[in-house]
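Note sheet for the following structure.
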Amino acid sequence: MVSKHNKKKRGPWREVWRRLKKNKMAMGGLTVMILLALIAIFAEYVAPYGFDDQNLANRFIGPSREYLFGTDNLGRDILSRIIYGSRVSLTVGFIAVGIALVIGGALGAVAAFYGGKVDNVIMRLVDIILAIPGMLLAISLAAALGPGLTNMMIAIGVGSIPGYARIVRSSVMTVKEQEYVEAARSVGASDLRIIMNHIIPNSLAPVIVQSTLGVAGAILSASALSFLGLGIKPPNPEWGGMLAGARQFIRDYWHMTTFPGLMIMITIYALNLLGDGLRDALDPRLRS
Amino acid sequence: MYKYILKRLLMMVPVLLGVIMVIFIIIEITPGDPARIMLGESATEEAVARMREEMGLNRNIVVRFLDYVRGVVLRFDFGTSYRTKQPVIGEIISRFPTTFKLAGLTTIISVVMGISLGIVSATKQYTIFDSLATGIALFGVSIPNFWQGLMSIIIFSIWLRWLPASGSYGPEYWILPAATLGTSASAVIMRMTRSSLLEVIRQDYIRTARSKGQTEMKVIMYHGLKNALIPVLTVIGMQFGFLLGGSVLIESVFAIPGLGKYMIDAIGQRDFPVVQGGVLFLAITFSFVNLFVDILYSYLDPRIKSQYKRDSKETHKKDIRQKEVLNGKQAQ
């Protein structure tokens, strides 16, 4: 029923948006994310230099008017590299969560909908993946698959599957028992119709919250993998990779370490604010 | 009680077998012929073929998997390093105490910080202190720990010259790594304590305790905290796994000669058996820590034990549901 209301542009989703708008912190987070997305999309126009423009005469320059965040050991503009790097981080963040959401969500929904043996088998598999700490699984997979954007997304995505499987499962299990599902069934709606029109829209709330926070986690993992040399290959800029490159110059050039990490933190902080805000907006009962 | 522990141990067996299988599959999908890597690029085809035979690489994959499981379980064979040609378990065992010390120290710090800040924040809800603490906690969750490590080296070691930047030779060497690693754990524990305690202090029995004239301190500590601690304990157990993963990065940042640094150095040298052996070892450790947390539950909450006696399956499901909810709250 939610979906029908949604088409008419009123109803619960509008209510959620109204509540979210009141939360200044969450709106701040959303604004930062929109800005970041715009910067990533229009990197060519925003960045003052190219991400691999080397100028060996201008190595290790501190923050100045010409180079706002300074330059690195090859004389590359750090600000420009951060701007181009946002493309990698955002892509990995959203696609890794997308992979985990689609696979984990499908597994969780199937487990909850059919129950019994299917449920048991799926959830035991999920238990196994969950027994391996996420960062370690990502390191292990990334080491096996080798560096690169796609492999990094797979390595991070696989580790997040169990989280989504569990959330979707418990969410669907709650919705499945509701009276409106029984009502739909009694008037002869098909399984597919029940799933699409009733179960999915009504079990979305926790999934949306988890996904927002999940993107933050994925960006963090991606930068950690790159920092360990398991992510994007140089010269392509990635925030974690830039930190790895800055490490050997840490004693003399603080600016090389400071700005890429600051960028990671701002992004994660914005996503966490947005996720917390969404949780409050989607479930007013939690706001005690 | 022993029966309960025994049952939980038995329930762990299939999960651990599954973990071993996952690592086996990851090793299988790693490109490159292990025999060729062991012998080096200059080795002849015949030598490589002989080595493959010797290492049993030509056998059926199922046979190899069973052999791998047998090796891990019976001989603690976690693989052989490409570089040193030595079993990795020796190095793992000698380095693990360092990692465990770091993770344990960090856990203690973050439990003390997290729970005490959580209590104050929950009891003083809507005050400036509460908003300040929750705001800082969100920062703690958002800061990448390896970057925090690098920045604290810049600030405390290079600029202020207060603390050493790398190595582990004395107590002062542990301050920066443990503080860095503990930030996000403290923040997560603080957030959980706060929300769990907020829920509990709205219960009827808290009102009853207050109306009987108990001091506020006693109400919060005896009646509130004891009941609020169970989800917090779950988070602490899960944080320990997170810390084992995080210690890999932090050891690398602060050059602490633990298991994590061993694994990261191995990545640079493309010595993959070390990486996978280390991950497997840490995953198994994590499973045992979780078992320990589960057993602690039954001490804290007698309902769990009695329920377990009635219907062991139900309790397990309840446990899992509880963890599910927490998983949602803990996105990292």
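The values are calculated or read from the model by the stated rules, or taken from the named source; none is laboratory data. Bear in mind that the values here come from a model prediction, so they are computed numbers and not experimental data. Here Cβ is always computed from backbone atoms with ideal geometry, including for glycine, and neighbour counts include all displayed protein chains. What goes into the accessible areas is simple: the full protein's heavy atoms, side chains included, and nothing from ligands, DNA or RNA. Shrake-Rupley method; radii C 1.70, N 1.55, O 1.52, S 1.80 Å.
Go over the candidates A:GLY240, A:GLY229 one by one and state the one that is of a type in the set (Gly, Ala, Ser), within 12 Å of another protein chain (Cβ to nearest Cβ), in contact (Cβ under 8 Å) with a residue 12 or more places away in the chain and in a helix (DSSP H, G or I).
Values: A:GLY229 fails: in a helix (DSSP H, G or I).
Among A:GLY240, A:GLY229, only A:GLY240 is of a type in the set (Gly, Ala, Ser), within 12 Å of another protein chain (Cβ to nearest Cβ), in contact (Cβ under 8 Å) with a residue 12 or more places away in the chain and in a helix (DSSP H, G or I).
Among helices (runs of 4 or more DSSP H) lying entirely in the range B:217-302, which contain 1 or more residues that are in contact (Cβ under 8 Å) with a residue 24 or more places away in the chain and of a type in the set (Asp, Glu)?
B:226-254, B:272-300
Mind listing just one residue for me: the one in the range B:228-261 that is more than 9 Å from every other protein chain (Cβ to nearest Cβ) and among the β-branched types (Val, Ile, Thr) and, of those, surrounded by the fewest Cβ atoms within 10 Å (Cβ to Cβ)?
That would be B:ILE230.
If you go through the range B:165-201 one residue at a time, how many are open to solvent by 30 Å² or more (accessible area, probe 1.4 Å), hydrophobic (A, V, I, L, M, F, W, C) and in contact (Cβ under 8 Å) with a residue 24 or more places away in the chain?
Residues that pass the stated criteria total 2.
Picking from A:ALA224, A:ALA246, which residue would you name as being at pLDDT below 90, within 27 Å of B:GLU251 (Cβ to Cβ) and of a type in the set (Gly, Ala, Ser)? Show your work before the answer.
Values: A:ALA224 fails: at pLDDT below 90.
Criteria check complete, one pass: A:ALA246.
Could you figure out which of (1) without any contact (Cβ under 8 Å) to a residue 40 or more places away in the chain; (2) away from chain A (no Cβ under 14 Å) isn't true of B:ILE5?
(1)
Among the residues of the range B:152-164, which ones are in a helix (DSSP H, G or I) and surrounded by fewer than 20 Cβ atoms within 10 Å (Cβ to Cβ)?
Those that are in a helix (DSSP H, G or I) and surrounded by fewer than 20 Cβ atoms within 10 Å (Cβ to Cβ): B:ILE154, B:ILE155, B:PHE156, B:SER157, B:ILE158, B:TRP159.
Return a yes/no flag: does the range B:130-150 have any residue that is out of contact with any strand residue (DSSP E or B) (no Cβ under 9 Å at 6 or more places or on another chain), open to solvent by 30 Å² or more (accessible area, probe 1.4 Å), of a type in the set (A, V, I, L, M, F, W, C) and within 15 Å of B:GLY246 (Cβ to Cβ).
yes
Please state which of the following conditions B:ASN227 fails to meet, knowing it meets all the rest: (1) of a type outside the set (A, V, I, L, M, F, W, C); (2) closer than 30 Å to B:SER131 by Cβ; (3) in contact with a Phe, Trp or Tyr (Cβ under 8 Å, 6 or more places away or on another chain).
(3)
Anything in the range A:246-279 that is more than 19 Å from the chain's Cα centre (by Cα) and either of a type in the set (S, T, N, Q) or open to solvent by 30 Å² or more (accessible area, probe 1.4 Å) (or both)? List them, or say none.
Listed by number, the residues that qualify are A:ARG247, A:GLN248, A:PHE249, A:ARG251, A:ASP252, A:TYR253, A:TRP254, A:THR257, A:THR258, A:PHE259.
Within the range B:11-19, is there a residue that is of a type outside the set (Phe, Trp, Tyr), away from chain A (no Cβ under 12 Å), more than 20 Å from B:GLY278 (Cα to Cα) and out of contact with any Gly (no Cβ under 8 Å at 6 or more places or on another chain)?
No, there is no match, as no residue in the range B:11-19 is of a type outside the set (Phe, Trp, Tyr), away from chain A (no Cβ under 12 Å), more than 20 Å from B:GLY278 (Cα to Cα) and out of contact with any Gly (no Cβ under 8 Å at 6 or more places or on another chain).
Would you confirm whether any residue within the range B:8-25 is charged (D, E, K, R) and open to solvent by 40 Å² or more (accessible area, probe 1.4 Å)?
No - not one qualifying residue is present in the range B:8-25.
Counting just the residues of the range B:262-274 that are more than 10 Å from chain A (Cβ to nearest Cβ) and surrounded by fewer than 22 Cβ atoms within 10 Å (Cβ to Cβ), which one comes out nearest to B:LEU243 (Cα to Cα)?
Ranking the candidates gives B:ASP265 first.
With the condition being open to solvent by 50 Å² or more (accessible area, probe 1.4 Å) and more than 20 Å from A:MET263 (Cβ to Cβ), I'd like the helices (runs of 4 or more DSSP H) fully within the range A:10-84 carrying at least 1 qualifying residues.
A:12-22, A:24-41
Which numbered condition trips up B:TYR126, out of (1) in contact with a helix residue (DSSP H, G or I) (Cβ under 6 Å, 6 or more places away or on another chain); (2) within 14 Å of another protein chain (Cβ to nearest Cβ); (3) free of Cβ contacts under 8 Å to residues at least 12 places away in the same chain?
(1)
Please give the helices (runs of 4 or more DSSP H) falling wholly within the range A:127-188 in which 1 or more residues are at pLDDT below 90, in contact with a helix residue (DSSP H, G or I) (Cβ under 7 Å, 6 or more places away or on another chain) and under 16 Å from A:LEU220 (Cα atoms).
The qualifying helices (runs of 4 or more DSSP H) are A:134-145, A:149-176.
Looking at the range B:26-49, which of the residues that are open to solvent by 70 Å² or more (accessible area, probe 1.4 Å) and among the hydroxyl-bearing types (Ser, Thr, Tyr) is modelled with the lowest pLDDT?
The residue in question is B:SER42.
Against the condition touching a Lys or Arg at 6+ places or on another chain (Cβ under 7 Å), within 11 Å of another protein chain (Cβ to nearest Cβ) and either outside any helix (DSSP H, G or I) or within 19 Å of B:LEU138 (Cα to Cα) (or both), how does A:VAL215 come out, does it pass?
no
Only one residue in A:ALA222, A:ALA205 is of a type in the set (A, V, I, L, M, F, W, C) and over 28 Å from A:LEU149 (Cβ atoms). Which one?
Details: A:ALA222 fails: over 28 Å from A:LEU149 (Cβ atoms).
The unique qualifying residue is A:ALA205.
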